[in-house]
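Encoded as structure tokens, the structure appears first; notes follow it.
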Amino acid sequence: DAGVIQSPRHEVTEMGQEVTLRCKPISGHDYLFWYRQTMMRGLELLIYFNNNVPIDDSGMPEDRFSAKMPNASFSTLKIQPSEPRDSAVYFCASSPPGGQGWVEQFFGPGTRLTVL
Amino acid sequence: AQSVSQHNHHVILSEAASLELGCNYSYGGTVNLFWYVQYPGQHLQLLLKYFSGDPLVKGIKGFEAEFIKSKFSFNLRKPSVQWSDTAEYFCAVNAKGRRALTFGSGTRLQVQP
């Protein structure tokens, strides 16, 4: 099992540019989560999907951020336009079906985004 | 809304010392509790979790945690730390039936040989 795959691992871009982060969850997992990690705010949930449908996007900071999950094996997080304050590590996680919320989330290696 | 507090932001210990990292949560209902670890340069991994039953749970690498409902706490312990335990430790909680996790701010543990 390859685990959760994220790309790119590092992204450096200039303010105003569009950034797209990608995630491939573990096969068979039906939940997918996007988190952001910063020094100031720690790890915070941005959005999560169940069976490709967004369930809770209340953590998405503003309209510049959007996330999609067109199929069970792929999700994107897009920032347009990007700003320096978006610099952070973005983690994707997935978890299998079943349980009452106590099911483990498996995290990807993260994408370190730097916006100049 | 749920919240999680980790009071120790940075802990420095010598090898073989005992470890206890504090975690308190704020939520009125039933919760599931987790400790995740992030080794330098790596992604988050689950150390242990509690969802019901024995409030003392054992995880990987000799870690354990005790859920004290009356104190809303889920402290992480290890009797004797090793240099390889140097990492950042995150406490997390979700409400029963919910999948989204709320994380604490993390505790950076540095173990000196």
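No lab work stands behind these numbers, since they all come straight from the coordinates. Since this is a predicted model, take the numbers as computed values, not measurements. Note that each Cβ is placed from the backbone with ideal geometry, even for glycine, and that neighbours are counted across all protein chains shown.
A few remarks follow.
- Under 15 Å from the Cα of residue A:24 - aspartates and glutamates, other chains or at least 8 residues apart: A:1
- Set of aspartates and glutamates near residue B:78 by C-alpha distance (under 20 Å), chain-local residues within fewer than 8 positions excluded: B:15, B:20, B:54, B:64, B:66, B:88
- DSSP beta bridge pairing in the stretch B:3-112, given as percent antiparallel to the nearest 5: 85 percent
- Cross-linked pairs B:69/B:96; A:78/B:49; A:68/B:96: Cα-Cα separations exceed 20 Å for A:78/B:49; A:68/B:96.
- Pair residue B:84, residue A:12: separation of 7 Å Cα→Cβ label points (nm): 3.4 nm
- Given charges at Cβ of Lys, Arg, Asp, Glu: the protein assembly as shown dipole, positive-most of B:47, A:20, A:7: B:47
- For chain A, a simple Cβ point-charge model (Lys and Arg +1, Asp and Glu -1, everything else neutral) yields a dipole of about 220 debye relative to the Cα centre.
- Take the Cα of residue A:51, step 7 Å toward its Cβ, do the same at residue B:9, and the gap between the two points is 4.4 nm.
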